[in-house]
Every structure is written in structure tokens, then in C-alpha cells.
Amino acid sequence: MARREAPAAGPGSRALIVDIVRSSVTVTRVELAALTGLTQPSISNIVRDLIADGIIHETGSADSALGRRRKLIAISPANRFGVGFSVGPDTVTCMAVDLTGGVVGREVVPRLPGEPWDAGRLAERFGDFTAGLNLPTDRIEGLAIVTPAPQPGVASGPASGIGDVRGELARRLGLPVLTDNDAAAAALGEFWSRRVSREQAFACIYLSTEIGAGFVFGGALYRGADSGAGELGHVSIDYDGRWCPCGNRGCVQQYASMRAIVVAAREDAGLRARLALDDGESSAYDAIARAAVNGDTDAHLLLDRAAERLSAATTSMVNLLNLGRLVLTGPGVARAGSIFARRLRAHLDRAAHARQRPGVTVELSAQPRDAAAIGAAALVVQASVAPGHTARQAG
């Protein structure tokens, strides 16, 4: 039986209905009334407006207990599009999605380490990308740019200066421009494209050169007091452990991030002799992950130890927030995600406080390298068709 959705929770009745139609794939007006608690006239008025706006459409019909066939409602995917850029250390991934979160275009362009991308260059990239896809300009709802969260003690990085150009970029494009961190965006992208119910306590772990997490509660990203929620990498698993630039000791990021794994591998004489570890962090990590899944015992042990430490921090997060569903994503799980997923499931089965209740679902992202860019585009889509879920941004 479908769970009843509370109309009081969330940004409004219109957004609530869009969210339920999105997660249900198809649904009838009668089912919408039962799920939301809204009156039938309210449902009819909102559905009529959403159909007129092209956000949803009627598609087929379903039998009812009284014999009268009821019309089914679904999202109209190609009516509007969101564009997202994920700015990483050495690439910019450009993505366009439709209203269901389905990818309609992807492009990856190189970025030199530390290379600034000002409003002019971002606007040019946006124009080239959307023109290449031949998307109707009047159906593009905006651009979102996501970067790794700024790290304590690090003066520069992919995030440097992006927030400062948002206002100018919006003026150049004539469209809304949003900014966010990659882990939060990835969580929303997975939530939207997987059609997760807004009733689920959903989280995403983003494994990259750092470790982050994103949470979706009631259909909206949970951001915390100043949009800093989700710093899973700075959960300490050893109070007297390795020093971290954040000022803490034993942060899991110092043991289980791609960067930490590469450092450990380079200190292992055997791995250093067998694997190509002298290139950049991403290439070196991929070499370790390939070796691990292809039977290299030392490489597998290295990743398994990292996975165990990440699982310890994640279990604390699950216990604290009573999460019901987790997705592992990010470039760190693109090649060896099964090692992390297997270890996390085992750790949660053994140690999660919720083990006496239905277990926590752990899944691997289908597009881990692109999850942040897909999520960025999904931020635009959600802000357009379900306004109120996305935090307002000044400037």
C-alpha cells in the first residue's frame, strides 16, 4: 500500500503533487487525493494547471473498483530541461536532463589544475553545449554549477571563485544560475532519477578526492544551518588518529578518500612497483581499483580497509539520522564500487542500530562519474517544476 504523504510537509501542494507523480511514474487523481489528503477539487485544479503548463500529461487509463476507468497522469519529460556543470580538478562535466532526470546530453571538457573559469567562459561553454544539443532555448530552465565543498586549510580549488560569478553569469545567460557542492547535488540527482519517494530518508555518499554526503528529506535537500551539512569526510573514526587540516584528528577522509588511498598505495613498495602510480590522483586511483577487481591481493586489501573505515563512519551517520536508503556514488566507486558496497552492507547488518527493523538499502550509482553533473541539472529541474524545495540563493 502506498504511504500517505503529508501536505503540510514540503513547499506546497503543487510541488507535493509533482513529487508524487515523479516518484509514482503514473498515478490517478483519486490516488493523488488519497496520498496527499488534499480535496478532490484541489487536486483537479492543480492537475489542470500542471497540464496547462506542460509539466504533466494524461497517459492511458486504469480500472477502478466502481468500473469506471480513471485517467493516469505522468511527468512530461521533454517539456523542460535543466543544465548542470560539475567543475572538478581537471575536467568540467556538462550535463542536460529532462523533467524525469533522464540524461539528454553530456560533454566533458578539460580544465587545467587551478585554471579559473570566469562568467564569460562559463557562458560560452553553456552556449556551445546547449547549441550542440539543439535544445529549444525557451525550454531550458537554467544552469547549476557544482564543485567540491571548500576544504579547511586549502586556499584554492575547483570551488574558488564560482560563487562570485553567479550573478554576472545569470545576467549574461538571462536564466537562473544556482551553485552547490557536488555531494549534495549527486544526492538530489540520484533521488530524482531513481524516482525515490519523498517519504524515504535518503542519502548519498560521494567518494572522490574528498568524501561528502547529501541528504534528501521530504523531497528537499537538507542543508543545515549554513548549507554545510554532509561533511561525512570529517567524521572522526579515531580520536587520536591522523591529523586533518580541519583541525580534528582521525577524520575518515584521511583513511578512505581517493587521495588517502593513493598516498597509501605509493607508500607500498610492491604496489608502487606493479602499478602506474606516478600520474595524477585520479589516474593512480583508477590503476589501484582496476588491480583490486582483477585479483591483485594487495590492492584489494588496501581498498577493503578503506571501505571498512568508511563503513564505520557511515554507520554512525545512519544511526544518527535513521536513514532508510543509501546510494554510493562518485569517481571513487566507478571501478571498485562493489568492494565498498559489500563492506558497507556487512557493516550495517552487524552494527546499525536499525538492524532490528527493516534493513538499510545500499545501492551503487549507475553513473558514478557523472552523478554530480546530473544532480546539478536536477537542481534546475526541481527549482522549476517543484519550487520551494531548492534553497534561495542571494546575489
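Each reported figure results from applying straightforward, stated rules to the coordinates on display, with no laboratory input. Because the structure is a prediction, the values reported are computed rather than measured. Heads up, the Cβs are rebuilt from the backbone with ideal geometry, glycines too, and the neighbour counts pull from every protein chain shown.
Look at the alpha carbon pairs under 8 Å that are at least 6 residues apart: their mean separation over the length of the stretch 193-364 gives a relative contact order of 22 percent.
Since only CYS204, GLY332, PHE191 are under comparison, the one whose Cα sits farthest along the positive direction of the charge dipole of the chain, derived from C-beta charges on Lys, Arg, Asp and Glu, is PHE191. For ALA229, the residues whose modelled amide H falls within less than 5 Å of its own, excluding neighbours fewer than 5 places apart on the same chain, are GLY224.
In a fully extended conformation the segment linking ALA346 and ASN134 would gain 71.7 nm over its present Cα-Cα distance, using 0.36 nm per residue.
What net charge is computed for the residues neighbouring ASP304, neighbours being all others with C-beta under 11 Å from the C-beta of ASP304, Lys and Arg scored +1, Asp and Glu -1?
Details: positive: ARG305, ARG309, ARG342, ARG343; negative: ASP298, GLU308.
For residues surrounding ASP304, the net value is +2.
Each of TYR285, TYR222 was scored by other Cβ atoms within 10 Å of its Cβ. Listed from fewest to most, they are TYR222, TYR285.
One chain, two ends: ARG242 and ASN322. Fully extended at 0.36 nm per residue, the span grows by 26.0 nm beyond their Cα-Cα distance. For volume of the Cα convex hull per residue in Å³, the candidate list reads (i) 124; (ii) 155; (iii) 280; the entry that matches the value derived from this model is (ii).
Annotation: amide H-H contacts under 5 Å for VAL108 (H modelled 1.01 Å from N, sequence separation of 5 or more, or interchain): CYS94. For ALA269, put the label point 7 Å out on the Cα→Cβ axis and report which residues of the stretch 290-330 keep their amide N under 13 Å from it. Once the point is set 7 Å along Cα→Cβ of ALA269, nothing inside the stretch 290-330 turns out to lie under 13 Å by backbone N. Counting only DSSP beta bridges whose two residues both lie in the chain, roughly 60 percent are antiparallel.
Ranked highest first by the average count of other Cβ atoms within 10 Å around their residues, in what order do 272-281, 224-233, 75-84, 20-29 fall?
On the way: 272-281: 14.0, 224-233: 16.6, 75-84: 22.6, 20-29: 19.8.
Answer by packing, highest mean first, reads 75-84, 20-29, 224-233, 272-281.
Placing pseudo-labels 7 Å out from each Cα toward the beta carbon at LEU301 and ASP226 gives an inter-label distance of 4.4 nm. For the chain, what relative contact order do you get, as a whole percent, if you take Cα pairs closer than 8 Å and at least 6 residues apart? After rounding, I find 18 percent. Within the chain, the selection of entire DSSP H helices by a Cα span of 15 Å or greater along the long axis and an average Kyte-Doolittle value of at least 1.6 returns 371-385.
So for the stretch 13-75, averaging the separation of alpha carbon pairs under 8 Å that are six or more residues apart and normalising by length, what relative contact order in percent results? Write out the running numbers ahead of the final one.
Numbers: 68 pairs, mean separation 24.1, N = 63.
Normalised by residue count, the contact order of the stretch 13-75 is 38 percent.
From most to least packed by mean Cβ count within 10 Å, the peptides 188-194, 215-221 give 188-194, 215-221.
Taking the charge dipole of the chain about its Cα centre, with +1 at Lys and Arg Cβ atoms and -1 at Asp and Glu Cβ atoms, the residue from LEU178, SER365, TYR239 reaching farthest to the positive side is SER365.
Please state the shape class of the stretch 261-366: rounded when a/c is under 1.5, otherwise prolate if a/b exceeds b/c and oblate if not, all from the C-alpha gyration tensor. Mind dumping the intermediate values first?
Numbers: a/c = 2.67, a/b = 2.32, b/c = 1.15.
Since a/c reaches 1.5 and a/b is larger than b/c, the shape of the stretch 261-366 is classed as prolate.
Using the Cβ of ALA287 as centre and a radius below 13 Å, the other residues enclosed give a net charge of -2, where K and R count +1 and D and E count -1.
Can you quote the Å³ per residue value for the convex hull of the Cα atoms in the stretch 186-280, rounded to an integer? Please report the intermediate quantities before stating the final value.
Details: hull volume 13.4 nm³, N = 95.
It comes to 141 Å³ per residue, whole-number rounded.
For the chain, the Cβ-based charge dipole about the Cα centre amounts to some 1320 debye (Lys, Arg positive; Asp, Glu negative; other atoms uncharged).
Sorting check: for 244-251, 93-100, which peptide has the highest mean count of neighbouring beta carbons within 10 Å, and how do the rest follow? Intermediate values should be presented prior to the final figure.
Numbers: 244-251: 17.1, 93-100: 23.9.
Top to bottom by mean Cβ count within 10 Å: 93-100, 244-251.
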